[in-house]
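Just below is one structure, and these are the notes that go with it.
Just so it is clear, none of the values below were taken in a lab; they were calculated from the coordinates. From a predicted model like this one, the values you see are computed outputs, not experimental measurements. A quick note on method: Cβ atoms are made from the backbone with ideal geometry, for glycine too, and the neighbour counts reach across all protein chains shown.
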Amino acid sequence: MEIIHLSAECYPVAKVGGLGDVVGALPKYQNKLGHFSKVVMPAYENRFIQENEFEIVYNGWVKLGFKTYPVRILREKNNKLGFDLFLVQITGLMDRPNVYGYEDDTERFLAYQIAVLDWIEQWEHMPDLVHCHDHHTGLVPFMMLNCVRFRKLRLIPTVITLHNAQYQGQFGWDKLHYLPEFDLWNAGMLGWKEAINPLAAAIKSAWRITTVSPSYLDEIRYNANGLEELLSQERGKSFGILNGIDNEVWNPQKDPMLHKNFNNRTVESGKKANKEALCSVFNLDPSKPLFTFIGRLVGEKGADLLPDIFYNSLQYSQGQINILVLGSGDPQVEGRLEQLKEIFTKNYNTYIGYNEALSHQIYAGADFLLMPSRVEPCGLNQMYALRYGTIPVVRRIGGLKDTVTDIGDGGFGICHDQTSVWDVGQAIGRAYDLYQDNKRMKEIRKEIMQLDHSWDRAAQEYIDLYQI
């Protein structure tokens, strides 16, 4: 099969969250199964563009209302990612360093989607399937079905994957004229709750809907930021497929970002060396259990509660635990987390920002990873932690429920039911007690490093879905 993946992110080209990791791995593993999987994404002004070689495969224009923008599509020459990568340059819209966060994001991603379809429409052959990821590509299934100039693409199946249904890309009907011509009788396919809603349009128009874990498929029936009714109506074409991780990137035995490499046989000495290196940088005591939080400091991750959770846990433990935070997001949360460094000078530290290499080192050196999420469609961090012998402390929700089993139920993690200061504090206490049982800690570390969460299984599940 020839599969086209459309996404705003793809690691290592541009990554904000788990979406980038998924799109950077799934096509590679589909190609290993004998298929021809490609990624077409926006071209941002970043290091990847500057440091790699490209060839121009398409020149054109995209019109939004009364404005016209020049378009170039570039192909990465050396197949560095294990699949064909195409970048869509749109001068005046995409030539910026960040993926998101601009006032004209609606125009940016709509222009990207139209440009991609203009390009594919000119191909002599047609791909077997177009796989769209999140709302930034959500208007593609609608346009392929309904827009006059894309009638050649009408019979190509489309799949939309919901990485996080909380974000939907809504914009006003005053921008309807941005879309290429279509029969206005079909405009209802675009709308939801009095706005044009790209994610809703994709859910209505796509041939198949997938979520990034089976549990998340169940949860969006009652927690999908207003799309619950629509998703219930479309349940018959919806499937939950648990994400995997790229074992070539996340491999503690070969990871070049670690202070010391290790495997499940050398996990004790390996984690000890990485923990000591990490604690040296952040002025922490390596003899104490190290808890960490890695991720976006936003409400859906439970980050607003972290300052109180950490304060209470550090006070209650009387300095017997360490906590290290890597992340960025809500400025108020960032500020409160930074303030704790003045109180707990020897047991707590932060790195506010994004640092890929540091995240690898933390997974290798930490003892426990905290994920007190309110919403977690899949979660990849807990899988990275398991791969590096770090025990997840998670709320039972979404993909966390699908991948982490509590030690009390014969499993290997620490689980709690609510995102609250009390629940997470109790879980940290249980983790501290586990840390004191040296024999059990060693057994769990060896066990979790051998769990298979690679993309091999998930890639095959997607291929099976495409062929239904």
Exercise. Under 17 Å from a label point 7 Å along Cα→Cβ of Glu300: give me every residue in the range 145-173 with its amide N that close.
Key: 160-171
Practice problem: Would you mind counting up the charge near Asn261? Only other residues with Cβ under 9 Å from its Cβ, with Lys and Arg at +1 and Asp and Glu at -1. | Solution: +1
Self-check item: Spacing of the two label points (7 Å from each Cα toward its C-beta) at Ser287 and Met1, in nm
Solution: 5.7
Quiz prompt | Computed magnitude of the charge dipole of the chain (debye, nearest 20; Cβ of K, R +1, Cβ of D, E -1) | solution = 700
Self-check item: Spatially proximal aspartates and glutamates relative to Lys67 (Cα-Cα < 20 Å; intrachain offsets below 8 disregarded)
Solution: Asp95, Glu103, Asp104, Asp105, Glu107, Asp118, Asp174, Glu181
Quiz item: Can you list residues whose amide H is under 5 Å from Thr266's amide H, if they're 5+ apart or on another chain and H is modeled 1.01 Å from N?
Solution: none
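Placing +1 at every Lys and Arg Cβ and -1 at every Asp and Glu Cβ, with all other atoms neutral, what dipole size does the range 267-452 have around its Cα centre, in debye to the nearest 20? All intermediate terms of the calculation are to be shown ahead of the outcome.
Values: 20 positive and 23 negative charges, 80 e Å.
Value, rounded to 20: 380 debye.
Which value, in debye to the nearest 20, gives the size of the charge dipole of the range 192-349 about its Cα centre, when Lys and Arg are +1 and Asp and Glu are -1 at the Cβ? Could the numbers behind the result be given before it?
Working: 18 positive and 19 negative charges, 104 e Å.
With only Lys, Arg, Asp and Glu charged at Cβ, the dipole is about 500 debye.
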Quiz item: Taking the Cα centre of each part, how many Å lie between the range 131-177 and the range 265-294?
Solution: 45
Exercise. With r as the distance between the Cβ atoms of Ile407 and Asn247 and R0 = 22 Å, compute the FRET efficiency 1/(1 + (r/R0)^6) and round to 0.05.
Key: 0.35
Quiz prompt | Ranked packing of 13-26, 436-449, most packed first, by mean Cβ within 10 Å | solution = 13-26, 436-449
Exercise. Return the label of the correct value of Rg/Rh (Cα atoms, Kirkwood Rh), as calculated from the structure shown, out of (i) 0.98; (ii) 1.09; (iii) 1.14.
Key: (i)
Exercise. Give, as a single signed number, the net charge of other residues whose beta carbon lies under 11 Å from the beta carbon of Ser213, with Lys and Arg counted +1 and Asp and Glu -1.
Key: -3
Exercise. Would you please classify the overall shape of the range 267-452 from the alpha carbon gyration tensor, given that a ≥ b ≥ c denote the square roots of the eigenvalues, rounded means a/c under 1.5, and beyond that prolate means a/b larger than b/c while oblate covers the rest?
Key: rounded
Exercise. Using a Förster distance of 41 angstrom, determine the FRET efficiency expected from the C-beta separation of Glu103 and Lys272, and round it to 0.05.
Key: 0.25
Exercise. For the range 30-41, just list the computed ³J(HN,Hα) in residue order, Karplus coefficients 6.51, -1.76 and 1.60, θ = phi - 60°, integers in Hz, with x standing in for Gly and Pro.
Key: 5, 5, 5, 7, x, 9, 10, 10, 10, 10, 10, 9
Exercise. Set the Förster distance to 56 Å, then compute FRET efficiency between Glu194 and Gln122 from the Cβ-Cβ distance, nearest 0.05.
Key: 0.95
Practice problem: Excluding residues fewer than 8 places away in the same chain, name every one of the lysines whose C-alpha is closer than 29 Å to that of Lys271. | Solution: Lys15, Lys254, Lys260, Lys288, Lys301, Lys341, Lys346, Lys401, Lys439, Lys442, Lys446
Self-check item: Net charge of Cβ neighbours under 14 Å - reference Glu107; Lys, Arg +1; Asp, Glu -1
Solution: 0
Quiz item: Normalised by the residues of the chain, what does the relative contact order come to in percent, with Cα pairs under 8 Å and at least six apart?
Solution: 12
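Could you work out [θ]222 nm for the chain from helices alone, using -39500 (n - 2.57) per DSSP H run of at least four and dividing by all its residues? Round to the nearest 500 deg cm²/dmol.
Numbers: 16 runs with 169 residues, N = 468.
Value at 222 nm, helices only, nearest 500: -11000 deg cm²/dmol.
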